[in-house]
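Quick notes on the structure that follows.
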Amino acid sequence: MSPPLLDVEGLTASYGRAQVLFGLSFQLRSGEVTALIGRNGAGKTTTLKAILGLVPAAAGRLTFLDRPILGLPPYRIARLGLGYVPEDRRIFTDLTVEENLGVGRRPGRAGRSPWTPERLFRLFPNLAAMRGRRGNEMSGGEQQMLSIARTLMGNPEAILLDEPSEGIAPVLVQALAEAIRAMKAEGVSILLSEQNWAFAASVSDRACVIERGEMRFQGPMADFLGDERLRAETLGV
């Protein structure tokens, strides 16, 4: 088993007096895709933001590449090699695809081939045909792909990917799944927050099921898929 790239232990976080996370513990291993699965409001996005320092963690231990990151400002965590693709994408809508990619450029990492626009256009063929298109002229799914590609231009070791399939056309959801699998094949580890468990199952090695800020299950995705009762209890409407 590969060593943990990101180790989360006893993570607790709140918004003001409202506690949202209750002692979450899990790991993201090198070369894997791990899915945080749960209903809307379960605490998935808060978990990603607490890891990156965008929401202060009240308690717990966070290590990335064997370095403690709890309490570090987000820019320092990002520079260690932890990328973040937020749910609302946040591309620069007045810039073109190529200009957005240029904004995200950072030096490559030792032992890895750096991400370049041409390499990313092979990963996201939809973007290759719209290099000069501005962000505000793109669909939601195309913007999502651009947001991921811009994050990869920073040459991260791992990516926190928040609800990538939400609100995009089914044909682009399939293209996104293929891109995530290709990213994994290139050695990028991904912590994926998803409400759509079927999409998460199609790309992930492991599942972490969150319900009301607590961990209900973690293990191989195949075990989660085989537990129909757990899926009904934690994801059913």
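The values are calculated or read from the model by the stated rules, or taken from the named source; none is laboratory data. What you are looking at is a predicted structure, and each value in this text was computed from that prediction instead of being measured. Please note: Cβ atoms are built from the backbone with ideal geometry, for glycine as well, and neighbour counts cover all protein chains shown.
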| Search result, residues across the range 111-132 that are polar (S, T, N, Q) and in contact (Cβ under 8 Å) with a residue 40 or more places away in the chain | 126
| Checking residue 10 against (1) more than 26 Å from residue 203 (Cβ to Cβ); (2) surrounded by fewer than 16 Cβ atoms within 10 Å (Cβ to Cβ); (3) at pLDDT below 95, which single condition isn't satisfied? | (3)
| note | Per the filter on the range 93-115, residues of a type in the set (A, V, I, L, M, F, W, C), touching a helix residue (DSSP H, G or I) at 6+ places or on another chain (Cβ under 6 Å) and assigned to a helix (DSSP H, G or I) are 97, 101
| field | Members of the range 33-66 found to be modelled with pLDDT of 95 or more and charged (D, E, K, R), listed by number | value | 44, 49, 61
| request: Please enumerate the residues belonging to the range 125-136 that are exposed (fewer than 13 other Cβ atoms within 10 Å of the Cβ) and either part of a helix (DSSP H, G or I) or modelled with pLDDT of 95 or more (or both). | output: 125, 136
| note | Just one listed residue, out of 187, 213, is touching a strand residue (DSSP E or B) at 6+ places or on another chain (Cβ under 6 Å), on the phi > 0 side of the Ramachandran plot and of a type in the set (Gly, Ala, Ser), and it is 213
| said: Which of the numbered conditions does residue 163 fail, given that it passes all the others? Conditions: (1) modelled with pLDDT under 90; (2) on the phi > 0 side of the Ramachandran plot. | reply: (1)
| field | Subset of the range 80-95 (residues that are surrounded by fewer than 17 Cβ atoms within 10 Å (Cβ to Cβ) and closer than 30 Å to residue 196 by Cα) | value | 80, 88, 90, 92, 93
| request: Taking the options 67, 122, name whichever one is within 25 Å of residue 10 (Cβ to Cβ), surrounded by fewer than 13 Cβ atoms within 10 Å (Cβ to Cβ), charged (D, E, K, R) and out of contact with any strand residue (DSSP E or B) (no Cβ under 9 Å at 6 or more places or on another chain). | output: 67
| task | With the condition kept exactly as written, say whether any residue in the range 92-110 is of a type in the set (Lys, Arg), in contact (Cβ under 8 Å) with a residue 24 or more places away in the chain and within 25 Å of residue 62 (Cα to Cα). | result | yes
| Which of (1) at negative phi; (2) loosely packed, with under 13 Cβ neighbours inside 10 Å does residue 111 not meet, given it meets every other one? | (1)
| If we scan the range 201-208, do we find a residue that is more than 15 Å from the chain's Cα centre (by Cα), of a type in the set (A, V, I, L, M, F, W, C) and either buried (at least 20 other Cβ atoms within 10 Å of the Cβ) or modelled with pLDDT of 90 or more (or both)? | no
| task | Filter the range 162-180 down to the residues that are touching a residue at least 60 places away in the same chain (Cβ under 8 Å) and not hydrophobic (A, V, I, L, M, F, W, C), then identify the one that is surrounded by the fewest Cβ atoms within 10 Å (Cβ to Cβ). | result | 166
| note | Scanning the range 61-85 for residues that are touching a helix residue (DSSP H, G or I) at 6+ places or on another chain (Cβ under 8 Å) and not aromatic (Phe, Trp, Tyr), the one nearest to residue 4 (Cα to Cα) turns out to be 62
